[in-house]
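Down below is the structure, laid out as structure tokens.
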Amino acid sequence: MEKNKIIFNDIEEIVTLNTTQLESPSIRNDDDEENQTRIRGGSNTSQQRPTNPRSDQCHNNNKFMRSKIIQSLLMISNKIDNMGVETTGIDRVPPYERGTMTKQFWQVAGYWIAATGSLSSMSSFLLGPLVFNLTFRETMTSGMVSMLIGCLVAAYCSTMGPQSGCRQMVTARYLFGWWSVKFVALAAILGVLGWSIVNCVVGGEMLAAISHDKVPISVGIVIVTICSFFVAVFGIKQVLRVETLISIPVIITFTLLYISSSDKFEFINKFHNDTLINDATMRGNWLSFFSLCYSITSTWGSITSDYYILFPEETPKYQVFLLTFLGTAIPTLFVGTLGVLLSSIAMSYPPWMDEYEQHGMGGLLWAGFERWNAFGKFCVVILILSLISNNIINTYSAAFSMQLSSVWATRIPRWFWCIVGTMIYFICAIVGRNHFSTILGNFLPMIGYWISMYFILLVEENEIFRRFFLHLYTKEFPPLSASASALDDKPERFNIHTLKRNHQRKTSRYNWDKWDDYDTLTKGYAATFAFLCGVAGVVVGMAQVYWTGPLARKLGDYGGDIAMWLSMGISGLVFPLCRYWELSHYGR
């Protein structure tokens, strides 16, 4: 409650009126009077111009209305706070407020099963045969290899969580600096909200399919949106609990879908693309699908740290890495294979293709369960939980990226940004509800472009500069002055501040206490310049409906998307020299 008062007091300063002044206008200290006079353009000693009483009355009425709005917001915030909603925002979670390793391990393991073993992960694998005209074998080879590479990206990014106690985009401040990280956070927002749009649309398609269009797609969108919001608004502890519970019925239902659809597995290898596309186009489509499936798991790298901030600070990095890698790879492999099976059958079995063309992914799921009649419909409804599960995560993490957008945004409670994010993806889902494959195939691969550049910059920062050039970080780890050492009564080895600094240097090689210190955080010039250079690789290598780069055009009739790998390579080459120059000149 006190925290909410502080937040809204900051807003009250903007309108120059607080609740105390409203209740007792005569109570006013000298500083307030001086500030008010200065704002009006005068001083305490100067003669004031006569004012219009009518104008003053209108001004006072406006101030009164603004104060009433602030009081209402404060009251709402206090009530939500009393309900147990998380209020920490982007603040670092200190080591003494975290849980035990065993408890957090099982919660995060369940979280990954629910998050990655979902329809969101399956949806992209459907496009291999249905959009890119790849056979079952080609789809599995391209999709699964790239998916595992994406898991490596997400796993590496997750190791920043326990050591820092900070959200993923907050740790990016140490790489991009105070200002540039806002643009990176914007890219993360677009990513998670993009997936939320897809989840809402799929939920609507599923209800429309099992009801034979009696329930419109918009109803499913509303259901997924509302359920996702009410869990995400309460905070990470509730999110992890709900995700763990949801994972159990969802995985069981996916297993039942394997069984139910197995009577059509004979159609899997009957689809051949020899007469549909030439060899060059097939290679281009293979590369584009490779990039798409890489994006499925790599984009988790923008938020993975968010769910490890409650782990003990001394948690070994390899344990976090393995938990994330296996937690993303195994469930995604499980549902991805199922998605490839269903879509490959649809390519050679007309009734299933008709369902897909009419109801999208929801129709294909219903086709797989159709022979079980009413129980099959029940199973489809259960799978909607996986969409809600994924949207909970997206809504929760998007709020933190929004808070990074500016100083004033951090002062507004996280639950408010959950509302904003929910409204954005709800409106977009309603508008784009009839364009599922377009959204998924053309927009979401763009998310993989920026995460690839962020990943390579993070690896070089950690494994090159933080490992071999830590002495250049003079702002983050300032050397002890001779005068400071002389004032210490105890030898240096017993100085608690020295011991703490040495511990940070040897373990994480970051001074996480400075996460919000503008004068200590890097300028971000090197990372920003390398990132912009990587964008050039995106422009020449991407293959989308709205733009196909000159290099991508050489790979078949529709091009082949190689933008992720070009952008990663260019950024990785530019960053080291720029970063060394930045550290040498600024010490941060």
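The values are calculated or read from the model by the stated rules, or taken from the named source; none is laboratory data. Just so it is clear, the model here is predicted, and its values are computed rather than measured. Counting neighbours? That spans all protein chains shown, and the Cβs are built from the backbone with ideal geometry, glycine included. Surface areas here come from the heavy atoms of the whole protein model, side chains and all, with no ligands, DNA or RNA. Shrake-Rupley method; radii C 1.70, N 1.55, O 1.52, S 1.80 Å.
Relative contact order for the range 139-216: what is it in percent, counting Cα pairs under 8 Å that are at least 6 residues apart? Could the numbers behind the result be given before it?
Working: 20 pairs, mean separation 9.1, N = 78.
Result for the range 139-216 is 12 percent.
Restricting to Cα atoms and excluding each atom paired with itself, what does the Kirkwood estimate give for the range 98-239 in Å?
On the way: mean 1/r = 0.0550 Å⁻¹.
About 18.2 Å for the range 98-239.
Heavy-atom accessible surface of the range 207-306, averaged per residue, reaches 41 Å², computed with a 1.4 Å probe.
Shape summary: the range 170-267 maps onto an equivalent ellipsoid whose semi-axes, from the alpha-carbon gyration tensor, are 34, 18, 16 Å in decreasing order. Accessible surface computed residue by residue for the range 346-461, with neighbouring protein chains in place and a 1.4 Å probe, gives 34 Å² per residue. The solvent-accessible area of CYS418, taken with every protein chain present and a 1.4 Å probe, is close to 0 Å². Applying the criteria of a DSSP loop state and at most 16 other Cβ atoms within 10 Å to the chymotrypsin sites (Phe, Trp or Tyr not before Pro) of the range 500-588 yields TYR518, TYR546, TRP547. Entry note, the range 107-240: relative contact order of 18 percent, from Cα contacts under 8 Å with a spacing of 6+ residues. In the structure displayed, which of LYS214/LYS264; LYS182/LYS237; LYS182/LYS523; LYS103/LYS317 lie more than 24 Å apart, Cα to Cα? Where the Cα-Cα span goes over 24 Å, the pairs concerned are LYS214/LYS264; LYS182/LYS237. Per-peptide packing, taken as the mean over residues of other Cβ atoms within 10 Å, places 188-196, 359-367 in the sequence 359-367, 188-196 from highest down.
Defining a contact as two alpha carbons under 8 Å apart and six or more residues distant in sequence, what relative contact order in percent does the range 173-231 show?
Computed over the range 173-231, the figure is 25 percent.
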